[in-house]
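A.B. asks: Let me begin by handing over the structure; questions about it come next.
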Amino acid sequence: MARRMNGEGYLHRRADGRWELRVMLGHRDNGKPHYKYFYGRTKREVQEKLSEFQEDMHRGIDMSHRYTFDEWSEIWFENHKSNITPTTQESYRHTLNRIKPFFSGRYIIEIKPYDIEHFLKAQRAQGLSDSYISGFRGMLYQIFHKAEANDLVRKNPVRFAEKMRSNGPKQRKEAFTAEEVKLLMQRLPYDKMGMSIRLMLGTGMRTQELLALEPRHIEEDGSVIHVRQAVNLVKGSVHVGVPKSRDSYRDIPVPPTLRWCAQEIRKVDTKFIWEKRKRDTPCNPSNFRDEFKEAIAKIEGVRVLTPHSCRHTYVSQMQALGVDLSTIQSIVGHADVDMTQHYLHVQDGIRQEAIHKFAQAFPLEDIPPEDPETGTCRVIRFPHVG
């Protein structure tokens, strides 16, 4: 038998055993009553749903737009993709396609912290790595943060979801030690690769930024490198597009001892400083990485790391010199200080009092040694790299 619930509506038990509560919200434009229905397996469940609804109304949650996860995640992605590179768009799409099936058909306002936890644990059970799971959580946080900002959910459920314990110790991103940097500065050949490695160590440039450099992006005196574009890999093809983020557009000051490197590598007759054999096409990052490792392997006493390790090294050395994080952030183009902190490393000697100045960490002559036969700088022109 139906009964009234304290003036809140009419409650009755349906033939299928579930409880149904009907609440009148007012009248429609045509004068007919506007009802809202709540369903549950118990009276208490129905009452809780009514309480949540009333709380949402009180807090100003927009109940006129009830988006499913599929709908809202696509709205978020379409609005967000203009701020990221094509390569990142491709990565985001892949991640989103992995998330959507789990929450498909559910309204975002109904997704709770335990739902987020259940999803992440399911991914861990499938053997996915900590980095993958962190990527899923980060994307879910952004999706629900945007919904919360637009009054579509009461609170971001990801913020209250319990964080999963890592499967193992967190791996630090590797950086060259101060002693290795000295060896690289002193023993690398004076060819385009050798000068490029020195500049990456001394400026913190991303590999994608170096490969997209054109001579016009470097001041004639080598004092500043202007980052205005970056190489992106889209479905295996090399494209030149925008830098990684808005903060990546920047003017990098070149240390005085490395300005001759910047001056020399801009002396090319090609559009890009690093080109494929095909004219006007930048070098593929994977090919550059192989050439990089070959060059490093020839220097005794230096570990063979990746080009991105130069960036880690730069951030670490700057921090060791006492440079504040906001300044480091502006030079390397990180979107936030938290990302900069992620790059900080503890190296042998980095805490030692002996390393106080950047020039000491990167010892180098102002100009390369002269060729005794020609009297000019001993710079070897480097062939195109595929």
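A.B. asks: Just order 33-40, 230-237, 255-262, 133-140 by mean Cβ neighbour count inside 10 Å, highest at the front, would you? Please list the in-between numbers first.
C.D. replies: Values: 33-40: 13.2, 230-237: 15.9, 255-262: 20.6, 133-140: 18.5.
Highest-to-lowest ranking by the protection proxy: 255-262, 133-140, 230-237, 33-40.
A.B. asks: A further question on this structure: Do any GluC sites (Glu not before Pro) in region 202-303 lie in a loop, going by DSSP, with at most 11 other beta-carbon atoms within 10 Å of their beta carbon, and if so which? Show your work: numbers first, answer last.
C.D. replies: On the way: sites: Glu209, Glu219, Glu220, Glu264, Glu275, Glu291, Glu294, Glu300; in loops: Glu219, Glu220, Glu300.
Hits after loop and neighbour filter: Glu220, Glu300.
A.B. asks: What is the calculated FRET efficiency for Met164 to Lys271, with r their C-beta to C-beta distance and R₀ = 45 Å, to the nearest 0.05?
C.D. replies: Details: r = 47 Å, r/R0 = 1.05.
The computed FRET efficiency comes out at 0.45.
A.B. asks: Just to be sure I understand: if I project the alpha-carbon convex hull of region 69-160 onto a plane and average over all orientations, what area do I get in nm²? Before the final figure, lay out the partial values.
C.D. replies: On the way: hull surface 22.8 nm².
Here the figure is 5.7 nm², rounded to one decimal.
A.B. asks: Among Ile225, Phe176, Leu201, which residue has its Cα positioned farthest towards the positive end of the charge dipole of region 151-255, with +1 placed on the Cβ of Lys and Arg, -1 on the Cβ of Asp and Glu, and the dipole taken about the Cα centre?
C.D. replies: The listed residue farthest towards the positive side: Phe176.
A.B. asks: Show me 74-85, 278-289 ranked by packing, highest mean number of other Cβ atoms within 10 Å first.
C.D. replies: On the way: 74-85: 14.3, 278-289: 16.8.
The densest-packed peptide leads the list: 278-289, 74-85.
A.B. asks: Quick one: of Lys32/Lys112; Lys32/Lys155; Lys192/Lys298; Lys244/Lys298; Lys192/Lys276, which pairs are farther than 25 Å apart, Cα to Cα?
C.D. replies: Details: Lys32/Lys112 34 Å; Lys32/Lys155 33 Å; Lys192/Lys298 15 Å; Lys244/Lys298 32 Å; Lys192/Lys276 14 Å.
Too far apart for the 25 Å limit: Lys32/Lys112; Lys32/Lys155; Lys244/Lys298.
A.B. asks: Just add up the charged neighbours of Glu90: K/R +1, D/E -1, any other residue whose Cβ is under 12 Å from the Cβ of Glu90. The partial results should precede the final answer.
C.D. replies: Numbers: positive: Lys81, Arg93, Lys235; negative: none.
Its environment carries a net charge of +3.
A.B. asks: Can you give the Kirkwood hydrodynamic radius for region 170-272, in Å, rounded to one decimal and based on Cα pairs?
C.D. replies: When all Cα pairs of region 170-272 are included, the Kirkwood radius is 14.6 Å.
Throughout, read-outs are computed from the coordinates displayed, never taken from laboratory work. On a predicted model such as this, the values are computed, not experimentally measured, just so you know. Virtual Cβ from ideal backbone geometry, glycine too; neighbours counted across all protein chains shown.
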